[in-house]
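J.: Pasting a structure here, questions to come.
Any read-out appearing in this document is the output of simple, stated calculations on the displayed coordinates, not a laboratory observation. Bear in mind that the values here come from a model prediction, so they are computed numbers and not experimental data. Cβ atoms come from the backbone with ideal geometry, glycine included; neighbour counts cover every protein chain shown.
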């Protein structure tokens, strides 16, 4: 998973989920997108507002727990988690 962040002038965050084409098929791509969107939904209350986020998804183990930990780690590194420097 890779994260691209750009500041916006809004009081909200926007996200787009982009799976790469090397997934096995559309079912796997859509599952990865759904899981990551759910992880975003669960954690968006903890985020600092005012950013556009593009999340690039790569093939791998598609489980909710692993995607959540990957997303949390990347958001923390980008400084988007509230209360985390």
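J.: For the stretch 1-41, what are the residues that are farther than 16 Å from residue 77 by Cα and touching a helix residue (DSSP H, G or I) at 6+ places or on another chain (Cβ under 7 Å)? So that I can check it myself, show each step before the final result.
T.: Step one: filter the stretch 1-41 for residues farther than 16 Å from residue 77 by Cα, giving 8-39, 41.
13, 15, 17, 19, 23, 35, 36, 38, 39 - these are the residues of the stretch 1-41 that are farther than 16 Å from residue 77 by Cα and touching a helix residue (DSSP H, G or I) at 6+ places or on another chain (Cβ under 7 Å).
J.: Here is a follow-up. Which of the residues belonging to the stretch 14-29 are closer than 18 Å to residue 70 by Cβ and more than 10 Å from the chain's Cα centre (by Cα)?
T.: Within the stretch 14-29, 19, 20, 22, 23, 28, 29 qualify.
J.: Can you list residue pairs whose Cβ atoms sit under 6 Å apart, with the first residue in the stretch 29-50 being closer than 19 Å to residue 8 by Cα and the second being assigned to a helix (DSSP H, G or I)? Count only pairs 6 or more apart in sequence or on different chains.
T.: As it stands, the answer is none, since no pair meets every condition given.
J.: In the stretch 65-76, how many are closer than 22 Å to residue 8 by Cβ and touching a residue at least 60 places away in the same chain (Cβ under 8 Å)?
T.: 3
J.: Would you check which residues across the stretch 54-82 are over 18 Å from residue 30 (Cα atoms) and in contact with a helix residue (DSSP H, G or I) (Cβ under 8 Å, 6 or more places away or on another chain) and list them?
T.: 72, 75, 81, 82
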